[in-house]
1. Determine which single condition Gly314 fails, assuming it passes every other condition in (1) within 20 Å of Arg77 (Cβ to Cβ); (2) more than 15 Å from the chain's Cα centre (by Cα); (3) not in a helix (DSSP H, G or I).
2. Across region 195-211, what is the total count of residues that are outside any loop (DSSP other than H, G, I, E, B) and away from ligand 1 (no atom under 16 Å from the Cβ)?
3. I'd like the full set of residues that are under 19 Å from Ala99 (Cα atoms) and more than 16 Å from ligand 2 (Cβ to nearest atom), limited to region 269-284.
4. Could you list, in sequence order, all residues of region 234-243 that are without any contact (Cβ under 8 Å) to a residue 24 or more places away in the chain and either outside any loop (DSSP other than H, G, I, E, B) or acidic (Asp, Glu) (or both)?
5. Looking only at residues in region 96-111 that are under 11 Å from the mean Cα position of the chain (by Cα) and outside any strand (DSSP E or B), which one is farthest from ligand 2 (Cβ to nearest atom)?
6. Out of all the residues in region 173-190, which are within 24 Å of Ala55 (Cβ to Cβ) and either of a type in the set (Phe, Trp, Tyr) or in contact with a His (Cβ under 8 Å, 6 or more places away or on another chain) (or both)?
7. Within region 173-194, work out how many residues are assigned to a helix (DSSP H, G or I), in contact with a helix residue (DSSP H, G or I) (Cβ under 6 Å, 6 or more places away or on another chain) and either under 18 Å from Asp91 (Cβ atoms) or charged (D, E, K, R) (or both).
8. If the requirement is being within 24 Å of Glu100 (Cα to Cα), in a helix (DSSP H, G or I), in contact with a Leu (Cβ under 8 Å, 6 or more places away or on another chain) and modelled with pLDDT of 95 or more, which of these qualifies: Leu287, Leu303, Leu266, Leu246?
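The values are calculated or read from the model by the stated rules, or taken from the named source; none is laboratory data. This structure is a prediction, so every number in the text was calculated from the model and none was measured. Using ideal geometry, Cβ is built from the backbone for each residue, glycine included, and neighbour counts are taken over all protein chains shown.
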Amino acid sequence: MTPQQRPRRPRQRRRRTALVAALLGAAVGAVALTGAPVRPPTAPAAAPTPVPVPAIVPAAEARLRPAGAPPTVYAHRGASSAAPENTLVSDEVARRGGAEWIENDVQPSKDGVPYVLHDDTVDRTTDGKGRIRDLTAARLDALDAGSWFAPAYAGTRLPTLAAQLEDLRTRGGNLLLEIKGPHSRDEVARIVQEVRDHGMTDRVLVQSFEVDALRHARELAPELPLGLLRGDLDADPVATARDLGLAAYNPSDDALSARPGVIGDLHAAGVAVNVWTVDRPARWKALTAAGVDGIITNRPAELAGWNAAWSASGAAG
Ligand code: G3P
Ligand code: CA
């Protein structure tokens, strides 16, 4: 079990759950916690605190960080430190925390419906058991994807990609869509179709560790920008980026910190660098100074706050 897969300790979780419940409680209420589609609140007579609504950032414009701007905040599986990962609730928490982009993981059900789930089984993050590819959409729809995180999230559903796209389209935000694990051409075609059907092609950046999946995506949807995930750097990342037609090269923090010079090489080739998964301010500072374009984090609200402080401090120069 990797650190990313490990459930959080109960005390940490209780504190964060209380915080998130407070955040969500006033405007969203119980409907968000059930995982049902979250409707835009009707206009209150007097809204004392404006809710931050993330900008819609066309993916083609989100690649390279403009001079003086902070790195783009990518909420890893939503606000996964504060709410059950890869659910519409964690997306909402990330959105309200100021993240412009949500990162997810997409895999098909037995009957070919793309769902948002990280592991290849539902065991860790739902009340069910089994490989997602062995479970039908009807079975997946019946699972509870929130109780494992905290009782307050009981009834949260595993979202389909379609539901997540619709939620982002109507409520704001953009999607860093990870094709998780090997996918056939037909499976990638279904994902592309969902993105097109929801009119989200200019608000999605597709990424994957799977080179074949990226090649399928490029062939099927040349309008979608692509990012390659790497745990270790290629000998020549620029050559790899050119070969795959990448908009972004997305390495682990460990890999990037061993060879930060690749950031400049990739920028010279017009390729963005988005680093994962980074939750500590000391690393946010170092990576921002090193020139990364985006940071993928489990703590999006904290990174958004850090970015604001960084901008206000004049550190951008
Ligand atoms: O977006 C980068 C990161 O999500 C890759 O690792 O295992 O969390 O999908 P993982
Ligand atoms: Ca991921």
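1. (1)
2. Selection size over region 195-211: 6.
3. Ala272, Val273, Arg280, Pro281, Arg283, Trp284, listed by residue number.
4. Once the filter is applied, which keeps residues that are without any contact (Cβ under 8 Å) to a residue 24 or more places away in the chain and either outside any loop (DSSP other than H, G, I, E, B) or acidic (Asp, Glu) (or both), region 234-243 yields Asp234, Asp236, Ala239, Thr240, Asp243.
5. Glu100
6. None - no residue of region 173-190 is within 24 Å of Ala55 (Cβ to Cβ) and either of a type in the set (Phe, Trp, Tyr) or in contact with a His (Cβ under 8 Å, 6 or more places away or on another chain) (or both), so the list stays empty.
7. Adding up the residues that qualify gives 2.
8. Leu287
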